Ligand code: ACO
């Protein structure tokens, strides 16, 4: 369904603009006090060292694709698009329902986006931002007019719940942005993206891939869980996020004080503090939600965009800077000129339940007769 349209005659620059946002966090909450009963930790340690108070965790068979589905449905409903209006779906995740088919294929099927190209991006905590990059370049090129970009994770499925150094950090959730082509002077103005594969082992999951397929031994050795060297990752995160932020601001002649909002990957409040202090940002220029959700890996940045927009912290004409860092190592940043009026807030509707869905939603009927395609 790629459009293949190139509009070279256009004088104005074609950009990808954010036109809607959606979010879904599973209803079950795990607090620091709950964790005190599971591992040798304390609410005080977690709060002081990370800024996290609680996280949302899936229950009752809720899958990563279900979280993505609900967030996507909300974003589509807020602009009145049908899933069949989409030209591409890209999902950043390290916790797909299955290794294959992809999460994006699963999501497309559940949405009823039949025939729409869909694929996953594996870039850990930068998964959403790498997906955003793909959405941006595809829309800018004219190959797509409308893109669904998703960050969705069930981190609770790869966390060792006996390892206090990691299990207190992560949560589950999904958030999405919808992109649309525009010739107006707003949208994603610039992105910076990079990786450094020399540090693979700082943050990785040793088992489950073709190097170490699942065996009794890999399970006994806990190789199917996330492993992290926290301190070293912390230092590199601060360094890289700062570099990405400065590069984007300088390249686009935007002063830090002109920023409407800075949103950094929600891995640790101390990382974000270190970066934003070095940029001399004021508190009202920074948005965080790590306190309530922990690190939802690829879902952190779009969930902050969602909440900031909802709370009126992002306004038309604002400069927004998004910066991620994660396993790989990977990093990415996006400088966005926000171009839309406040989005409609949907009522507390049936999308807020936590039931498992196996088919496309009949709440949002596709605009076209997709069954005949
Ligand atoms: N409760 C109580 N004590 C703990 C806990 C806990 N949950 N976890 C560790 N400790 C102890 C350690 O055992 C250690 O004790 P010791 O001094 O007796 O040896 C002490 O606390 C300090 O441990 P550190 O690991 O040095 O703690 P630190 O201050 O570095 O915080 C943390 C750890 C939160 C993991 C931090 O290093 C961090 O945030 N790192 C970066 C995470 C990140 O950015 N990840 C990238 C994105 S994630 C992704 O891509 C999937």
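Each value in this text was obtained by applying a stated rule to the coordinates, not by laboratory testing. These numbers were taken from a predicted model, which means no experiment stands behind them. A quick note on method: Cβ atoms are made from the backbone with ideal geometry, for glycine too, and the neighbour counts reach across all protein chains shown.
Of note:
- Taking other C-beta atoms within 10 Å as the exposure proxy, 97, 284 rank 284, 97 from fewest upward.
- Across the chain, the relative contact order, built from alpha-carbon pairs under 8 Å that are at least six residues apart, equals 26 percent.
- Over the stretch 190-337, the alpha carbon radius of gyration divided by the compact-protein estimate 2.2 N^0.38 Å works out to 1.16.
- Antiparallel %, DSSP beta bridges [both residues in the chain], to 5: 70
- Reported to the nearest whole Å, the Cα centre-to-centre distance from the stretch 106-152 to the stretch 90-104 is 12.
- For the stretch 71-146, the fraction of C-alpha pairs farther apart than 17 angstrom is 46 percent.
- Rg of the Cα atoms in the stretch 15-185, relative to 2.2 N^0.38 Å, amounts to 1.11.
- Stokes-Einstein diffusion coefficient of the stretch 94-225, Kirkwood radius over Cα pairs, 20 °C, 1.002 mPa s, in µm²/s: 126
- Using distinct alpha-carbon pairs, which all enter the 1/r mean, Kirkwood radius of the stretch 162-252 in Å: 17.1
- Compared with the rule-of-thumb size 2.2 N^0.38 Å for a compact globular protein, the chain has a Cα radius of gyration ratio of 0.95.
- Each part gets one Cα centre, and for the stretch 157-182 versus the stretch 222-259 those centres are 17 Å apart.
- Cβ-derived FRET efficiency at R0 22 Å, residue 137 paired with residue 196, nearest 0.05: 0.55
- Exposure proxy ranking for 198, 15, based on other Cβ atoms within 10 angstrom of each Cβ and starting from the fewest, stands as 198, 15.
- Relative contact order, whole percent, for the stretch 15-185 stands at 34, derived from Cα pairs under 8 Å and 6 or more residues apart.
- Mean Cβ count within 10 Å, highest first, over the residues of peptides 167-174, 31-38, 118-125, 271-278: 167-174, 118-125, 271-278, 31-38
- Relative contact order (percent, whole number), the stretch 190-337, Cα cutoff 8 Å, 6+ residue spacing: 35
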